[in-house]
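Before any comments, here is the structure.
The values are calculated or read from the model by the stated rules, or taken from the named source; none is laboratory data. Quick caveat, the model's predicted, so the values are computed rather than measured. Using ideal geometry, Cβ is built from the backbone for each residue, glycine included, and neighbour counts are taken over all protein chains shown. Note: accessible area is taken over every heavy atom of the protein model, side chains too, but ligands, DNA and RNA are not part of it. Shrake-Rupley method; radii C 1.70, N 1.55, O 1.52, S 1.80 Å.
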Amino acid sequence: MIYESFIELNVQAFNHNISLYKKIIGQRSIALVIKCNAYGHGLLPVALLAEHNKNIQWLCVARLQEALDLRAQGIKKKVLLLCPLMSNYEDAIMHNIDLMVHDADCISYINQAAKKCGKKARVHIKIDTGLSRFGMLSDKVLSFLEQMQTNAFIQIVGVYTHFSDADNLDPTYTQFQQKKFYSILKQLQEKNIYIEHIHCANTAFASTGNLGPTNLVRIGAGAYGMWPSEAVKKVTKSLESQFSLQNVLSWKTKIVRLNKVAPGTAIGYSKTAVSKKLTIIGLIPVGYFDGYDRRLSNKGYVYINGQKASVVGRIGMNITAVDITAIKDVFIGTEVELIGNKSDITFDAVAKLIKSYNPREFATKINSEIPRVVIPCEAQKAITKRKKQDHVYY
């Protein structure tokens, strides 16, 4: 098949990022968050990388279908479903998928389904300490646990919460949530209630907060080389000066047409750009349908032959124009890099440019139909038998 663009996944960068977090969290386990198509990087290829990374013990998803797809592709690592199920409990239980529990009703449904399956369902109790989404209020946890003892087909294997403000330079609210969560853990200890997996840290908190009695850490954005915020980056580097994330994803395409544009000529829709001199324009077959944000019109940059080229005019649905006047040796078929490790085309840099301040927003909008290509490295031998190929496509 012929594709207009492709995504490269750098295995070495991925393993590098994971090793940074592993160094910080010590003996605690890592749960890699791969919801939403692995933050736009590709669910299956990232899951395969995680499957063969010894520092990752868990995978976290948001939807049951994501978890079932992983099992269908032979992924063996533990999988936690972070959002509540409304149906299909039996599918989750039979495929050994851990479930999030946040109220008595869902426990009842899960228990009935597990009984039908003839095996216990593994659940993690989510506690709402201040995010006000899913989760049990802290003052209800102990009574809820006592009530759950009557459900013979429920096995409580985890308890956790989620911080709402851990990417803020001011840690006050996160400390408030943390105190509530640790207080509950202390109550459980006093009642001699032992729960195997305890987790509260996301990427932001993992490198900035006190992990205390937790033994599992959920890493999302950081695994892919994205900082949750500038505040997190600042605090993390003040604690670990050598902590340097690498973009795992590079988005590439090729020049499909070259145009010489005379001075005073409009370029693209709505005449948002007009050439001031003789300009050479390169067209690339990528637009906002592919996930290349329209807010990068007349603002964004790409790299061609190692040099920066500006986006010119309004980004179209599937075409973008770039100014290549000052770049030598550009032809039809010359490679163009839209996202990568160069400082001004990382996800973090692009997010700032469009005033999103959230690199995850940009990453998750990259069209899932664009093929993901795993770049060869030593780890590649563990995830493919196609030794004669230079790349593996997903």
Which condition breaks for I97 when tested against (1) among the aliphatic types (A, V, I, L, M); (2) within 18 Å of R218 (Cα to Cα); (3) over 20 Å from the mean Cα position of the chain (by Cα)?
(3)
Residues in segment 340-362 that are open to solvent by 60 Å² or more (accessible area, probe 1.4 Å) and assigned to a loop (DSSP other than H, G, I, E, B) total 5
Odd one out for I370, checked against (1) open to solvent by less than 20 Å² (accessible area, probe 1.4 Å); (2) assigned to a strand (DSSP E or B):
(2)
Answer yes if at least one residue in segment 101-108 is buried (at least 16 other Cβ atoms within 10 Å of the Cβ) and modelled with pLDDT of 95 or more, and no otherwise.
no
From (1) open to solvent by 70 Å² or more (accessible area, probe 1.4 Å); (2) at pLDDT 90 or above, pick out the condition that doesn't hold for I93.
(1)
Considering I93, I125, which residue is among the β-branched types (V, I, T) and more than 25 Å from S183 (Cβ to Cβ)?
I93
Between G333, G340, G316, which is touching a residue at least 24 places away in the same chain (Cβ under 8 Å) and within 26 Å of the chain's Cα centre (by Cα)?
G340
Would you say I110 is touching a residue at least 40 places away in the same chain (Cβ under 8 Å), β-branched (V, I, T) and touching a helix residue (DSSP H, G or I) at 6+ places or on another chain (Cβ under 6 Å)?
yes
Subset of segment 204-237, residues modelled with pLDDT of 95 or more and of a type in the set (S, T, N, Q), comes to S207, T208, T214, N215, T236
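Please enumerate the residues belonging to segment 219-236 that are of a type in the set (A, V, I, L, M, F, W, C), more than 14 Å from K352 (Cβ to Cβ) and not in a helix (DSSP H, G or I).
I219
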Taking the criterion of being in contact (Cβ under 8 Å) with a residue 24 or more places away in the chain, polar (S, T, N, Q) and open to solvent by 30 Å² or more (accessible area, probe 1.4 Å), would at least one residue in segment 77-87 satisfy it?
no
Please work out if L70 is open to solvent by less than 10 Å² (accessible area, probe 1.4 Å) and over 27 Å from I184 (Cβ atoms).
yes
Just to be sure before I move on: is E230 more than 15 Å from the chain's Cα centre (by Cα), within 18 Å of F362 (Cα to Cα) and not β-branched (V, I, T) in the structure I sent?
yes
